[in-house]
1. Just one of the numbered conditions (1) crowded, with 21+ Cβ neighbours inside 10 Å; (2) out of contact with any strand residue (DSSP E or B) (no Cβ under 6 Å at 6 or more places or on another chain) is not true of Ile221; which one?
2. Take region 135-167 and flag every residue that is of a type outside the set (A, V, I, L, M), within 14 Å of Pro218 (Cβ to Cβ) and in a strand (DSSP E or B).
3. Examine region 120-133 for a residue that is open to solvent by less than 70 Å² (accessible area, probe 1.4 Å), touching an Asp or Glu at 6+ places or on another chain (Cβ under 8 Å) and assigned to a loop (DSSP other than H, G, I, E, B), and state whether such a residue exists.
4. State the number of residues belonging to region 80-103 that are within 16 Å of Leu3 (Cβ to Cβ) and in contact with a Ser or Thr (Cβ under 6 Å, 6 or more places away or on another chain).
5. So which of Arg48, Arg27 ends up being under 25 Å from Ile115 (Cβ atoms), open to solvent by 60 Å² or more (accessible area, probe 1.4 Å) and either in a helix (DSSP H, G or I) or touching a strand residue (DSSP E or B) at 6+ places or on another chain (Cβ under 7 Å) (or both)?
6. Among (1) open to solvent by 30 Å² or more (accessible area, probe 1.4 Å); (2) in contact (Cβ under 8 Å) with a residue 60 or more places away in the chain; (3) in contact with a strand residue (DSSP E or B) (Cβ under 7 Å, 6 or more places away or on another chain), there is one condition Thr113 misses while meeting the rest; what is its number?
7. State which residue is surrounded by the most Cβ atoms within 10 Å (Cβ to Cβ) when the search covers only region 61-87 and only residues that are part of a helix (DSSP H, G or I) and polar (S, T, N, Q).
Amino acid sequence: MYLCLDVGSSQIYGGVFHQDKLLLKFRHETHRQSTSDQLGIFLKNVLRENDIAVEMIEYIAISSVVPPVDYSLGSACIKYFNIEPFWVKAGIKTGLKLKTKHPNQIGSDLIATSIAAVDQNPNKNIIVVDFGTATTYVPISAKKEFLGAVIQTGVRTSMHALQSSTEQLPTVQITKPESVVGRDTISCIQSGLYYGQLGATREIIKGMSKELFPDKKPLVIGTGGFANLFEQEKLFNKIESDLVLHGVRIALGMNLS
């Protein structure tokens with residue numbers, strides 16, 4: 001079995017695979033000051049509560065965009081699993097052609113989702129929209145060329161920025177409001193968050209498609225924690241919530257061979 005982890009700014013998203021089948025998914029809030037013991041005990045408890053013996057984990061693979069967590073997490077893998085983890089990062093085998101000025105600056109999460117998108121949708125032009133702490137847009141050509149990215153403030157990050165920068169605006173539940181025009185403070189904020197993200201997403205997909213894939217519409221894939229929020233808006237051809245975990249798994253397999 002493989003334990004795959006995606007360390008994001010807000011959450012650690014994890015999964016356990018048997019071959020290519022995802023058996024278990026879990027999330028844990030990202031704490032930059034976490035010790036190896038805290039992380040190791042958490043991972044062991046998740047497995048134990050789901051009837052997966054620690055000894056069944058053969059490999060651990062990690063994508064991380066939070067460097068302060070990396071040392072403790074790597075140490076936890078060694079201490080509690082006796083496994084040196086594989087890290088998704090620049091320089092590994094990806095099967096992608098990285099067509100950017102500085103390939104070593106590409107986030108490991110973007111690499112992982114791109115690997116999985118290409119694996120699941122061969123010979124297609126693709127745009128992957130990942131709704132996380134940041135909302136990211138990655139175009140990939142049918143020739144497996146990673147063509148760059150757009151990085152936008154994520155919907156939850158926008159809410160926190162609004163709340164922390166104003167005196168009287170509360171934190172709200174992120175959801176689609178009943179109408180565009182709000183009738184109270186909460187619905188006003190919800191409308192701005194939802195339709196602001198929706199409009200930006202439509203415009204970026206449109207512009208990216210016109211600029212990079214003018215002859216044929218690309219396949220647009222939604223992923224990440226908030227992708228399902230926009231499921232009814234006809235933004236995506238499909239939603240693949242676990243794309244990053246599959247990408248981490250595939251990257252591990254490529255680099256084991």
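1. Here Ile221 meets the rest and fails (2).
2. Tyr137, Pro139, Glu145, Phe146
3. Among the residues of region 120-133, at least one is open to solvent by less than 70 Å² (accessible area, probe 1.4 Å), touching an Asp or Glu at 6+ places or on another chain (Cβ under 8 Å) and assigned to a loop (DSSP other than H, G, I, E, B), which makes the answer yes.
4. Total meeting the criteria: 1.
5. Arg27
6. Of everything listed in (1) open to solvent by 30 Å² or more (accessible area, probe 1.4 Å); (2) in contact (Cβ under 8 Å) with a residue 60 or more places away in the chain; (3) in contact with a strand residue (DSSP E or B) (Cβ under 7 Å, 6 or more places away or on another chain), Thr113 misses just condition (1).
7. Ser72
Results for (1) modelled with pLDDT of 95 or more; (2) aromatic (Phe, Trp, Tyr); (3) more than 17 Å from Val128 (Cα to Cα), shown as yes or no for each residue.
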{"residue": "Val181", "(1), (2), (3)": "no, no, yes"}
{"residue": "Ile189", "(1), (2), (3)": "no, no, yes"}
{"residue": "Gly192", "(1), (2), (3)": "no, no, yes"}
{"residue": "Asp215", "(1), (2), (3)": "no, no, yes"}
{"residue": "Glu231", "(1), (2), (3)": "no, no, no"}
{"residue": "Leu245", "(1), (2), (3)": "yes, no, no"}
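The values are calculated or read from the model by the stated rules, or taken from the named source; none is laboratory data. It should be emphasised that the depicted structure is a prediction, and the values quoted were computed from it without experimental measurement. With ideal geometry, Cβ positions are generated from the backbone for all residues, glycine too; neighbour counts draw on all protein chains shown. In case anyone asks, the SASA skips ligands and DNA or RNA and just uses the protein heavy atoms, side chains included. Shrake-Rupley method; radii C 1.70, N 1.55, O 1.52, S 1.80 Å.
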